[in-house]
């Protein structure tokens, strides 16, 4: 009978109503049930269906628990591998790079940084005759999800597929799982979990895209990426140019005078929200931004030379001192709570403390201990981020552009966070890693004899 159904309500309905009304005889030999003999209406049958249902629920809980633990350990538990990876032959829960498709993933991210829209990237891949993820898996005999457009015999690349790849953090070596779930073991409706409940485990497999490059791409996805007319990529400053007064995005406009064309940016809100009309020629803006970028990179290179003269241990010691005292206090508090928990149990065993009071105080101390341990963990994470070896990553990022001679979309997106235009053509540029730059400069000023 358990093979027939595990939902005790539906099983009982079929045995007592639906099957008899259709003239269908149900026989379960091991359970000694035969609807012709009318022995399926008793209490024992009802109990068996309830037990079968409870067993199914218990199995579901155990499977969910096992899968949840595997996700927390960074093991890949999904049925289908993401494009760019394969499952290891030795360990099916481990991802390895697919050497055939990994270069395509890199090209997709590069094209996005170069200013191409998702639709244009998809068209480019289709024009080159590169197989879409589903077609690649079909031709190579790999497992793939079925349903929707992918059942077509010649599924092409689409903007949706490109965006899904660009937003997938798994390409940075970080395992992200647990995005979806179901209500319970009886309902198969899939529900999306909030991002705060997703399970992240870093460095579980080889990365195809650097974390830095991935973050830059995520920033570009929020920018204005309308493709320029008759071009494959967006304008140089699309989404980055902001009016200094009202904060709105500035618009690019072409004005033809005679046989000459003049390109400039202006604030579309005009005097409705701004004190004056903000306008600047494109060539003047490019020249000014390029010069500012060169000076900023030059400043960072000089900063790097100063940093090489400072002993790493000296700076690391200051950072450790900054957090060390607070961490020590938290750890001392955690030890006290553990001692209290231990004494509670001793008092309970000796009969000094009633069982009800013991449970209440134990829960209270356990809750407080978890909070303190989280605080210690957060402080240690801050300490790690501020240690010296992490501080130079952003410097190396700018040094890669030390020989820059002209601006392109890739350089603008990776180096600049925003460009504000004020009246009288005043420009304010906010660079990437601005806070890191300011903190490092401040730290160097605090070092005696360095500056």
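The values are calculated or read from the model by the stated rules, or taken from the named source; none is laboratory data. Remember, it's a predicted structure, so these values are computed and weren't measured experimentally. All Cβ positions, glycine included, derive from the backbone under ideal geometry; neighbour counts span all protein chains shown.
Residue-wise test of (1) outside any loop (DSSP other than H, G, I, E, B); (2) at pLDDT below 85; (3) in contact with a helix residue (DSSP H, G or I) (Cβ under 7 Å, 6 or more places away or on another chain); (4) not assigned by TED's automatic domain parsing to the domain that holds residue 186.
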{"site": "18", "(1), (2), (3), (4)": "yes, no, no, yes"}
{"site": "23", "(1), (2), (3), (4)": "no, no, no, yes"}
{"site": "36", "(1), (2), (3), (4)": "yes, yes, no, yes"}
{"site": "40", "(1), (2), (3), (4)": "no, yes, yes, yes"}
{"site": "44", "(1), (2), (3), (4)": "yes, yes, no, yes"}
{"site": "47", "(1), (2), (3), (4)": "yes, no, no, yes"}
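Residues are listed down the side, and each one gets a yes or a no for (1) over 23 Å from the mean Cα position of the chain (by Cα); (2) farther than 26 Å from residue 221 by Cα; (3) in contact (Cβ under 8 Å) with a residue 40 or more places away in the chain:
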{"position": "53", "(1), (2), (3)": "yes, yes, yes"}
{"position": "83", "(1), (2), (3)": "no, no, yes"}
{"position": "100", "(1), (2), (3)": "yes, yes, no"}
{"position": "114", "(1), (2), (3)": "no, no, yes"}
{"position": "125", "(1), (2), (3)": "yes, no, no"}
{"position": "146", "(1), (2), (3)": "yes, yes, no"}
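Rundown of residues vs (1) out of contact with any helix residue (DSSP H, G or I) (no Cβ under 8 Å at 6 or more places or on another chain); (2) not in a loop (DSSP other than H, G, I, E, B), yes/no style:
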residue	(1), (2)
71	yes, yes
86	yes, yes
91	yes, no
123	yes, yes
130	no, no
135	yes, yes
139	yes, yes
143	no, no
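Flag: residue 96 matches the condition of being in contact with a strand residue (DSSP E or B) (Cβ under 7 Å, 6 or more places away or on another chain), surrounded by 15 or more Cβ atoms within 10 Å (Cβ to Cβ) and assigned by TED's automatic domain parsing to the domain that holds residue 157.
Residues that are in contact with a helix residue (DSSP H, G or I) (Cβ under 9 Å, 6 or more places away or on another chain) number at least 3 in the following strands (runs of 3 or more DSSP E) confined to segment 154-211: 175-177, 199-201.
Condition check for residue 105 on (1) surrounded by 15 or more Cβ atoms within 10 Å (Cβ to Cβ); (2) modelled with pLDDT of 90 or more; (3) not in a helix (DSSP H, G or I): one failure, at (3).
When residues in segment 432-445 are screened for being in a helix (DSSP H, G or I) and either crowded, with 17+ Cβ neighbours inside 10 Å or under 23 Å from the mean Cα position of the chain (by Cα) (or both), 6 of them pass.
Conditions tested, residue by residue: (1) surrounded by 13 or more Cβ atoms within 10 Å (Cβ to Cβ); (2) farther than 23 Å from residue 74 by Cβ; (3) touching a strand residue (DSSP E or B) at 6+ places or on another chain (Cβ under 9 Å).
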position	(1), (2), (3)
118	yes, yes, no
124	yes, yes, yes
145	no, no, no
155	yes, yes, no
163	yes, yes, no
171	yes, no, yes
183	no, yes, yes
187	no, yes, no
193	no, no, yes
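For (1) farther than 20 Å from residue 67 by Cα; (2) free of Cβ contacts under 8 Å to residues at least 12 places away in the same chain, each residue gets a yes or a no:
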{"position": "141", "(1), (2)": "yes, yes"}
{"position": "172", "(1), (2)": "yes, no"}
{"position": "176", "(1), (2)": "no, no"}
{"position": "190", "(1), (2)": "no, yes"}
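Filtered by the rule that a residue be modelled with pLDDT under 80 and crowded, with 16+ Cβ neighbours inside 10 Å, segment 380-400 gives 383, 386, 388, 391, 392.
Output yes when any residue across segment 284-294 is farther than 22 Å from residue 417 by Cα, at pLDDT 75 or above, in contact with a helix residue (DSSP H, G or I) (Cβ under 8 Å, 6 or more places away or on another chain) and in the same structural domain as residue 414 (by TED's automatic domain parsing), and no when none is.
Among the residues of segment 284-294, not one is farther than 22 Å from residue 417 by Cα, at pLDDT 75 or above, in contact with a helix residue (DSSP H, G or I) (Cβ under 8 Å, 6 or more places away or on another chain) and in the same structural domain as residue 414 (by TED's automatic domain parsing), which makes the answer no.
Within the option set 375, 363, being part of a helix (DSSP H, G or I) and surrounded by 11 or more Cβ atoms within 10 Å (Cβ to Cβ) holds for one residue only, 375. When 335, 346 are checked against the criterion of being out of contact with any helix residue (DSSP H, G or I) (no Cβ under 8 Å at 6 or more places or on another chain), part of a helix (DSSP H, G or I) and modelled with pLDDT under 85, a single residue qualifies: 346. Just to be sure, is residue 429 modelled with pLDDT of 85 or more and within 23 Å of the chain's Cα centre (by Cα)? No: the conditions fail for residue 429. Looking only at segment 209-255, which residues are more than 25 Å from residue 428 (Cα to Cα) and at pLDDT 80 or above? Scanning segment 209-255 gives 209, 210, 211, 214, 255.
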